[in-house]
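Chemist: Here it is, the structure in full.
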C-alpha cells in the first residue's frame, strides 16, 4: 500500500471517493440518496454486486489503490478502471459524455468541473453529503468551493494542487519555536 499518517483531513479526503462512487452509481435510479446502492444506512457494504467504471489519472497510483480497496470491501462488485492523462481528462470526459459512455466515477480538475457540470456530466452530491456530512473547515475552502456549481456540490477535493500559483506552506509553530522572523 502506501505510507501516510491518518489525519482527519486525510480521512475525509479518502472518504470522498466512495461517497462520490455511491452518488454516481445511484444515477441509474435504483438507489435513493438516503441509502446509496451498495451501502447500508450505517455506511457498511451490502452483498449486492455493483458494476462501476472509474476514470483515474495515470500519474496518481493512490487512485487505483483506493479503488482496489473499495473492490475488496464490496465482494462480487466489478470495477473497470480507465487510465487517463490529466491533460486529456476534460476532453475525454466531454467526448464520452456526448457519446453516453462516460465512466460512473471520475476525477475532475476545479478549472473544468463547472463546465462539465453545466453540460450534465456530474450528479450533485448534496443529498449524499446530508447523509454523510463532512467538516468544510478541515479542508482548504477554495478546494471545496471549486467543486460547487450553481449552489450545488458536484465534487469534493481528493488533493489540492495550486496549479500555476506559487504557494509557500510552512508550520507557523515550528517557525516561531526556532525564533525565525
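Chemist: Out of the stretch 97-111, which residues are surrounded by 15 or more Cβ atoms within 10 Å (Cβ to Cβ), assigned to a loop (DSSP other than H, G, I, E, B) and at pLDDT 90 or above?
Modeler: Scanning the stretch 97-111 gives 102, 103, 104.
Chemist: For the subset of the stretch 112-141 comprising residues that are assigned to a helix (DSSP H, G or I), over 15 Å from the mean Cα position of the chain (by Cα) and modelled with pLDDT under 90, which member is farthest from residue 54 (Cα to Cα)?
Modeler: Filtering first and then ranking leaves 137.
Chemist: Quick check on the stretch 155-164. Is at least one of its residues over 19 Å from residue 107 (Cα atoms), modelled with pLDDT of 85 or more and surrounded by fewer than 18 Cβ atoms within 10 Å (Cβ to Cβ)?
Modeler: No: the stretch 155-164 contains no residue that is over 19 Å from residue 107 (Cα atoms), modelled with pLDDT of 85 or more and surrounded by fewer than 18 Cβ atoms within 10 Å (Cβ to Cβ).
Chemist: Would you be able to tell me the number of residues in the stretch 165-181 that are more than 24 Å from the chain's Cα centre (by Cα) and either modelled with pLDDT under 65 or in a loop (DSSP other than H, G, I, E, B) (or both)?
Modeler: Residues flagged as more than 24 Å from the chain's Cα centre (by Cα) and either modelled with pLDDT under 65 or in a loop (DSSP other than H, G, I, E, B) (or both) within the stretch 165-181 amount to 8.
Chemist: Find the residue count for the stretch 65-82, including only residues that are out of contact with any strand residue (DSSP E or B) (no Cβ under 6 Å at 6 or more places or on another chain) and under 21 Å from residue 122 (Cβ atoms).
Modeler: Residues that pass the stated criteria total 2.
Chemist: Any residue at all in the stretch 121-134 that is within 23 Å of residue 64 (Cβ to Cβ) and free of Cβ contacts under 8 Å to residues at least 40 places away in the same chain?
Modeler: yes
The values are calculated or read from the model by the stated rules, or taken from the named source; none is laboratory data. Values in this document were obtained by computation on a predicted structure and should not be read as measured data. For neighbour counting, all protein chains shown are included, and Cβ atoms are generated from backbone atoms with ideal geometry for every residue, glycine included.
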